[in-house]
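The values are calculated or read from the model by the stated rules, or taken from the named source; none is laboratory data. Predicted, not measured: the structure shown is a model, and the values here were computed from it. Every residue, glycine as well, gets a Cβ built from its backbone with ideal geometry; the counts of neighbours run over all protein chains shown.
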Amino acid sequence: MILGGWGRYPVADCRVADLRDETGARDAVLRASATLIARGQGRSYGDAALNPAGTLLTRRLNRFLAFDPQTGDLTCESGVLLDDILSVFVRRGWFPPVTPGTRQVSLGGMIAADVHGKNHHQAGPFCRHIRALDLMLADGRVVTCSPDQEPGLFRATCGGMGLTGIILRATVRLMPIETAWIRQRVIRCASLSEVMAAFAAAGDAPYSVAWIDGLSGGGALGRSVLFLGAHALRQDLPPSLRQDPLRVPERRRLSVPVPLPGAVLSPPVVRLFNGVYFRRAQEGTGLVDLDSFFYPLDAVRHWNRIYGRRGFVQFQCVLPLAASAEGLARLLAVTAAAGLGSFLSVLKLFGPGPGGMLSFPMEGYTLALDFPLSAAVPGLLRQLEAIVCDHGGRLYLAKDALMTPQTFRSGYPELPGFLAECDRVGATGCFSSLQSQRVMP
């Protein structure tokens, strides 16, 4: 089967097995003659869920198993989608404590990437809220691990990109909400220094994220639109919404039926769009529904096709807080000078706190830049990688397609401990992906 990531680059002809239950997973592991990797919804952007020798599809491991309304603890199989969780539990007054920017991800994928959201500065990464998970090892045994039980294996699995085994089930603690609405504040910031000051001043806001202009230069370098949010209480809603405060309004969904021509996202077009978007951003406060705040791109099916037939790559890095101002300025200046046009550029502030051994976040700023794939893009990414390494940062494995082994080793100081844990449980010769083969040759 021809498979790819969300960036549609690279693609690979993979031998697949469709897992339906624990027995099927065990059979696939014990009969394997080469290494394997589990794949959920395929929303990692590059090659993290691709293995031509064996890719195990977990989408049929999709059952809810238990829910405790006293604690919010939800137990389900790893192929359950965030979309399923939201569809069932928002109406009941529950919401995930951390959510990425799409509903179309599996629970297992969220754990494997230890995803983050707009509230990392307060809530940390997703796996901070995992109570326990069941992991199938290379010998077919199933081990329950948690922060207290098999803690080393737990930390290796959280953010470990599926390299420790197959995540079968997990328990996550949801948080209560009163409404399906967000109190949002929009702030326009004319420069990088201005938006960083606004982030710092808004530390009490539960959610924060900024769209950032990746092509502006000079005094406008890093001009941004900052979005702050907090879950609305029932009393915050107008009378017309208080009757059914947990109803998420349906929204019209568009679709990109085929890959668009490359000229659609040419640098002049992106520069024009960025200027218009910044000028038309309406400052102020108001109410927006959960989908509009957290998952705006889900309103466009197959939005990844806008980048054309060759696909796109995303460069997402995080820089330590002390090095962020200088490092971000250099990254944006090099990107603007290259003129390759980053259509979707996002800036977020991460807070402190430990994650998994290969978890992406650290205290500081994370910048995400999308580039339509072209012959010039790999060279630009090498320049950007060098800047990240010079400033003590790292790249996000869930978004990566081209990172070098040197950049990977530089950014992940707990790699030796991770590899030791994989060796301890026998995962090293059993689980791998095209990504792991590239960055850990």
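Residue count for segment 295-315 under the criterion of being over 17 Å from Leu265 (Cα atoms) and among the polar types (S, T, N, Q): the result is 0. Quick check, is Val115 of a type in the set (A, V, I, L, M, F, W, C), more than 30 Å from Arg31 (Cβ to Cβ) and outside any strand (DSSP E or B)? Yes: the conditions hold for Val115. Checking Pro206, Pro176 one by one, the residue that is modelled with pLDDT of 95 or more, within 22 Å of the chain's Cα centre (by Cα) and surrounded by fewer than 19 Cβ atoms within 10 Å (Cβ to Cβ) is Pro206 and no other.
Exactly one condition in (1) of a type outside the set (D, E, K, R); (2) outside any helix (DSSP H, G or I); (3) within 18 Å of the chain's Cα centre (by Cα) is false for Gln184; which is it? Here Gln184 meets the rest and fails (3). Taken across segment 46-68, residues that are over 22 Å from Met136 (Cβ atoms), outside the structural domain of Ile306 (by TED's automatic domain parsing), under 24 Å from the mean Cα position of the chain (by Cα) and not β-branched (Val, Ile, Thr) do occur, with at least one present.
When Leu246, Leu260 are screened for being in contact with a helix residue (DSSP H, G or I) (Cβ under 6 Å, 6 or more places away or on another chain) and either part of a helix (DSSP H, G or I) or modelled with pLDDT of 95 or more (or both), only Leu246 passes.
Return the residue satisfying two criteria in turn: it lies in segment 388-402 and is surrounded by fewer than 23 Cβ atoms within 10 Å (Cβ to Cβ) and in contact with a helix residue (DSSP H, G or I) (Cβ under 7 Å, 6 or more places away or on another chain), and of such residues it is farthest from Leu163 (Cα to Cα). Ranking the qualifying residues of segment 388-402, first place goes to His391. None of Ile37, Ile85, Ile2, Ile111 is surrounded by fewer than 20 Cβ atoms within 10 Å (Cβ to Cβ) and of a type in the set (Val, Ile, Thr) except Ile2.
Where strands (runs of 3 or more DSSP E) sit wholly within segment 282-389, those with at least 1 residues that are more than 28 Å from Ala112 (Cα to Cα), of a type outside the set (A, V, I, L, M, F, W, C) and more than 20 Å from the chain's Cα centre (by Cα) occupy 284-289.
Of Ala401, Ala420, all but one fail to be at pLDDT 95 or above and in a helix (DSSP H, G or I); the exception is Ala420. Of all residues in segment 327-348, those that are on the phi > 0 side of the Ramachandran plot have Cβ atoms under 8 Å from Cβ atoms of residues that are small (Gly, Ala, Ser) and assigned to a loop (DSSP other than H, G, I, E, B), 6 or more apart or on another chain, in Gly341/Gly214; Gly341/Ser266. May I ask you to list the residues in segment 287-323 that are touching a residue at least 60 places away in the same chain (Cβ under 8 Å) and on the phi > 0 side of the Ramachandran plot? Of everything in segment 287-323, those that are touching a residue at least 60 places away in the same chain (Cβ under 8 Å) and on the phi > 0 side of the Ramachandran plot turn out to be Gly308, Gly311. Residues that are outside any helix (DSSP H, G or I) and in contact with a Leu (Cβ under 9 Å, 6 or more places away or on another chain) were ranked within segment 405-417; the one that is surrounded by the fewest Cβ atoms within 10 Å (Cβ to Cβ) is Glu414.
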